[in-house]
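Undergrad: Here it is, the structure, as structure tokens.
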């Protein structure tokens with residue numbers, strides 16, 4: 001006899017009736033964000049469909065269609081858990097069709113990872129259930145099973161271990177179910193959630209806590225896994241409940257992300273090179289008085305860029321940012337304008353020159369501080385034509401992009417020239433001398 005989980009929040013978080021559900025999903029599809037790439041892992045909200053259903057639908061639509069086993073990691077709202085819990089249910093009953101549980105993986109989680117089976121923890125829980133009708137609709141006519149996991153307060157490392165272990169199989173995928181901030185004034189909620197988004201996207205989640213997101217444990221586990229593998233989390237969209245209710249007193253925040261198995265700047269170069277060059281060109285033509293009407297949310301993530309202008313093979317301007325401190329879209333527009341009109345080494349660009357210039361955009365990774373014993377040790381670590389370098393000593397600082405290697409291919413000459421640019425002697429070295437390494441993706 002099968003052990004089936006009956007719905008707990010149908011008629012509250014989503015319609016009881018399958019026809020009503022389909023009408024709602026058809027409306028969600030009108031606002032669909034088409035994936036440029038599909039993913040094996042997403043973060044999506046779990047509020048009522050009238051609040052965050054459209055966003056959750058968009059996020060789940062980013063899951064790779066071929067995935068057959070979907071791990072859903074969610075916080076327990078109704079049952080206190082120190083550690084993870086799994087379910088012994090055979091399937092979940094839903095208005096638009098039942099979904100089977102992968103009992104083989106459930107048993108493996110129980111035996112290999114020592115995760116307890118606690119059906120009671122799932123009985124009144126919405127954070128997993130609200131994802132299921134959407135999964136049914138998006139993956140209709142496809143065979144798939146779920147592995148529902150409720151996280152406890154101390155499960156970050158274990159969940160990362162589970163994600164790492166099961167990631168190797170291309171048939172496996174992961175949904176991290178979480179809302180963001182709860183019950184702040186809408187504008188305060190937006191500030192908190194934007195800060196949380198920056199932490200998630202930069203894998204800086206050491207102090208990320210349930211006050212930022214009820215599913216913080218699952219989010220942190222995925223962020224840790226992402227960081228360990230040099231992957232990236234890309235923003236799909238964000239909103240909060242006041243965008244729907246227009247309640248100015250209290251709001252709950254929602255966000256959706258998908259994971260890519262490469263660095264963000266490589267993904268940007270692959271899919272957005274033409275768009276990046278176009279917005280830089282428009283900014284120059286319109287002297288910075290430009291902002292595109294539409295763009296994907298990846299450009300709202302923090303980003304650092306350099307914009308280089310050449311004319312007839314000679315440098316005509318180059319301005320940029322070393323550290324990502326503002327949305328990439330703003331950074332590109334500003335640096336393109338400054339490169340054309342504010343580089344102190346050149347006269348401002350004349351409109352008659354516009355059709356004679358070439359643009360090159362460098363997207364910068366986050367600089368990482370290098371450790372070295374002496375200058376020889378430093379030189380041995382530097383990789384020509386790959387590394388960009390930032391040097392600092394007291395008030396002295398300078399930066400070279402990797403493109404400078406084309407003029408200075410020798411490591412010693414490269415470093416000496418960078419010292420001179422900073423205002424230091426070529427032979428300078430001290431205990432306070434700092435070097436940071438970064439990489440760029442170059443778009444021409």
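The values are calculated or read from the model by the stated rules, or taken from the named source; none is laboratory data. Please read all numbers here as calculations on a predicted model, not as lab measurements. Quick reminder, even Gly has a Cβ in these numbers, built from the backbone with ideal geometry, and neighbours come from all protein chains shown.
Undergrad: Could you list, in sequence order, all residues of segment 81-120 that are touching a strand residue (DSSP E or B) at 6+ places or on another chain (Cβ under 7 Å) and free of Cβ contacts under 8 Å to residues at least 60 places away in the same chain?
TA: Answer for segment 81-120, where residues must be touching a strand residue (DSSP E or B) at 6+ places or on another chain (Cβ under 7 Å) and free of Cβ contacts under 8 Å to residues at least 60 places away in the same chain: 99, 100, 101, 102, 106, 109, 110, 115, 116, 117, 118.
Undergrad: Is there a residue in segment 250-261 that is modelled with pLDDT of 95 or more and surrounded by fewer than 17 Cβ atoms within 10 Å (Cβ to Cβ)?
TA: Within segment 250-261, one or more residues are modelled with pLDDT of 95 or more and surrounded by fewer than 17 Cβ atoms within 10 Å (Cβ to Cβ).
Undergrad: For segment 281-319, what are the residues that are touching a residue at least 60 places away in the same chain (Cβ under 8 Å) and either buried (at least 20 other Cβ atoms within 10 Å of the Cβ) or outside any loop (DSSP other than H, G, I, E, B) (or both)? Don't jump to the end; show me each part of the working.
TA: Here is the first cut: in segment 281-319, the ones touching a residue at least 60 places away in the same chain (Cβ under 8 Å) are 281, 284-285, 296-298, 300-304, 306, 308.
The answer is 281, 284, 285, 297, 298, 300, 301, 302, 303, 304, 306, 308.
Undergrad: Continuing with this model, one more query. If you check 158, 168, 139, 145, which single one turns out to be in contact with a strand residue (DSSP E or B) (Cβ under 7 Å, 6 or more places away or on another chain) and surrounded by fewer than 21 Cβ atoms within 10 Å (Cβ to Cβ)? Walk me through it before giving the result.
TA: Numbers: 158 fails: in contact with a strand residue (DSSP E or B) (Cβ under 7 Å, 6 or more places away or on another chain); 168 fails: in contact with a strand residue (DSSP E or B) (Cβ under 7 Å, 6 or more places away or on another chain); 139 fails: in contact with a strand residue (DSSP E or B) (Cβ under 7 Å, 6 or more places away or on another chain).
One residue alone meets the criteria, 145.
Undergrad: Sticking with this structure for a sec: Only one residue in 78, 40 is in contact (Cβ under 8 Å) with a residue 12 or more places away in the chain and under 25 Å from residue 169 (Cα atoms), so which one is that? Explain how you work it out, then say what you get.
TA: Numbers: 78 fails: under 25 Å from residue 169 (Cα atoms).
Result of the check over 78, 40: 40.
Undergrad: Taking only segment 73-100 into account, find how many residues are assigned to a strand (DSSP E or B) and either under 11 Å from residue 136 (Cβ atoms) or touching a helix residue (DSSP H, G or I) at 6+ places or on another chain (Cβ under 6 Å) (or both).
TA: Filtering segment 73-100 down to residues assigned to a strand (DSSP E or B) leaves 73-75, 85-86, 91-92, 99-100.
Among the residues that remain, those that are also either under 11 Å from residue 136 (Cβ atoms) or touching a helix residue (DSSP H, G or I) at 6+ places or on another chain (Cβ under 6 Å) (or both) are: 73, 85-86, 92, 99.
Matching residues across segment 73-100 total 5.
Undergrad: Next question, about the same structure. Among the residues of segment 114-134, are any assigned by TED's automatic domain parsing to the domain that holds residue 31, assigned to a loop (DSSP other than H, G, I, E, B) and in contact with a helix residue (DSSP H, G or I) (Cβ under 6 Å, 6 or more places away or on another chain)? Don't jump to the end; show me each part of the working.
TA: Filtering segment 114-134 for residues assigned by TED's automatic domain parsing to the domain that holds residue 31 gives 114-134.
From what is left, the residues that are assigned to a loop (DSSP other than H, G, I, E, B) are 114-115, 118, 123-130.
Retained after the next criterion (residues that are in contact with a helix residue (DSSP H, G or I) (Cβ under 6 Å, 6 or more places away or on another chain)): 115.
Yes, there is a match, as at least one residue in segment 114-134 is assigned by TED's automatic domain parsing to the domain that holds residue 31, assigned to a loop (DSSP other than H, G, I, E, B) and in contact with a helix residue (DSSP H, G or I) (Cβ under 6 Å, 6 or more places away or on another chain).
Undergrad: Now, a different point. Does residue 55 qualify as being in a helix (DSSP H, G or I), modelled with pLDDT of 95 or more and within 21 Å of the chain's Cα centre (by Cα)?
TA: On the way: in a helix (DSSP H, G or I): yes; modelled with pLDDT of 95 or more: yes; within 21 Å of the chain's Cα centre (by Cα): yes.
Here the answer is yes, as residue 55 does meet what is asked.
Undergrad: Can you pull out the residues in segment 53-84 that are surrounded by fewer than 23 Cβ atoms within 10 Å (Cβ to Cβ) and over 16 Å from residue 130 (Cα atoms)?
TA: Passing the criteria: 64, 65, 66, 67, 68, 69, 79, 80, 81, 82, 83.
Undergrad: Working only within segment 199-238, note down all residues that are surrounded by fewer than 17 Cβ atoms within 10 Å (Cβ to Cβ) and touching a strand residue (DSSP E or B) at 6+ places or on another chain (Cβ under 7 Å).
TA: Correct list: empty.
Undergrad: Test each condition in (1) at pLDDT 95 or above; (2) in contact with a helix residue (DSSP H, G or I) (Cβ under 6 Å, 6 or more places away or on another chain) for residue 288 and report the one that comes out false.
TA: (1)
Undergrad: Determine which member of the set 427, 416, 380 is at pLDDT 95 or above and exposed (fewer than 13 other Cβ atoms within 10 Å of the Cβ).
TA: Numbers: 427 fails: at pLDDT 95 or above; 416 fails: exposed (fewer than 13 other Cβ atoms within 10 Å of the Cβ).
The unique qualifying residue is 380.
Undergrad: So residue 383 passes all but one of these: (1) touching a strand residue (DSSP E or B) at 6+ places or on another chain (Cβ under 9 Å); (2) without any contact (Cβ under 8 Å) to a residue 12 or more places away in the chain; (3) more than 29 Å from residue 313 (Cβ to Cβ). Which condition number does it fail?
TA: (3)
Undergrad: Within segment 340-357, is even one residue crowded, with 20+ Cβ neighbours inside 10 Å and within 26 Å of residue 386 (Cβ to Cβ)? Reasoning before the result, please.
TA: Pass one, segment 340-357, residues crowded, with 20+ Cβ neighbours inside 10 Å: 340, 349.
Keeping just the survivors that are within 26 Å of residue 386 (Cβ to Cβ) gives none.
Within segment 340-357, none of the residues are crowded, with 20+ Cβ neighbours inside 10 Å and within 26 Å of residue 386 (Cβ to Cβ).
Undergrad: With respect to the numbered conditions (1) surrounded by 17 or more Cβ atoms within 10 Å (Cβ to Cβ); (2) assigned to a helix (DSSP H, G or I), which one is the sole condition not fulfilled by residue 174?
TA: (2)
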